[in-house]
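**Q** Take this structure first; my questions come after.
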Amino acid sequence: MSHTATYDMQIKLLMIGDSGVGKTCLLLRYANDSFSPTFITTIGIDFKIKNIEIDDKRVKLQIWDTAGQERFRTITTSYFRGAQGIVLVYDVTDRRSFESIRNWISQIQQHADVHVNKILVGNKCDMLDEKVVSTEEGQKLASEFGMQFWETSAKNDVNVEQSFQSIAKSVKDRL
Ligand code: GDP
Ligand code: MG
């Protein structure tokens, strides 16, 4: 048995959304099964690898995270290169981050492949008392752009696996 990675396909995903919405925490929850409560925007993760199965195919997911460049609400073109799927994240307790999603979509339209798959994720759904963006608003925006929609909590591990699995499946089904 060889120990080298064997897979049927490789998929490149990106995490996008305003600073502080929980992109890095979602990725760490998914790839490492851990949650870091401290603010970790500056760590500068490049990407994480996660090997999964979709419909009997072995898929190697390469998931890229920003190193905090999104603070300037713009991301360089090179970040988008080769991306096949994008996880668009807002914070359900932060309306501004939800309103930014349209801006992120227009940056995707400018810089990413026209066929790139997108998914919309409303994170921090554990913070019920502070929730200001309703589930219906999230759903409505997602359907306007033909995206699947999930409300997640990186903290409590709600819908994290499901979100990544569904964007990966959309990409796989398209390729
Ligand atoms: P990023 O800038 O989008 O990468 O956001 P981070 O992953 O660095 O998270 C920003 C802050 O939100 C940190 O203080 C996290 O602890 C917190 N956070 C992230 N996800 C959740 C979540 O699901 N629930 C709660 N309550 N806090 C979260
Ligand atoms: Mg981050």
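The values are calculated or read from the model by the stated rules, or taken from the named source; none is laboratory data. Computed from a predicted structure; not experimentally measured. All Cβ positions, even for glycine, are placed from backbone atoms using ideal geometry, and neighbour counts span all protein chains on display.
**Q** Would you mind stating whether Val132 is modelled with pLDDT of 95 or more and farther than 22 Å from Arg58 by Cα?
**A** In short, yes.
**Q** Something else now. State the number of residues belonging to region 45-78 that are without any contact (Cβ under 8 Å) to a residue 12 or more places away in the chain and either away from ligand 1 (no atom under 15 Å from the Cβ) or part of a loop (DSSP other than H, G, I, E, B) (or both).
**A** 4
**Q** Could you grab me the full set of residues in region 107-158 that are of a type in the set (Gly, Ala, Ser), buried (at least 17 other Cβ atoms within 10 Å of the Cβ) and out of contact with any Cys (no Cβ under 9 Å at 6 or more places or on another chain)?
**A** If the condition is that a residue be of a type in the set (Gly, Ala, Ser), buried (at least 17 other Cβ atoms within 10 Å of the Cβ) and out of contact with any Cys (no Cβ under 9 Å at 6 or more places or on another chain), then Ala112, Gly122, Gly138, Ala142 are the ones that fit.
**Q** Restricting the search to region 125-170, which residues are part of a helix (DSSP H, G or I), of a type in the set (A, V, I, L, M) and over 18 Å from Lys23 (Cβ atoms)?
**A** Selection gives Leu128 alone.
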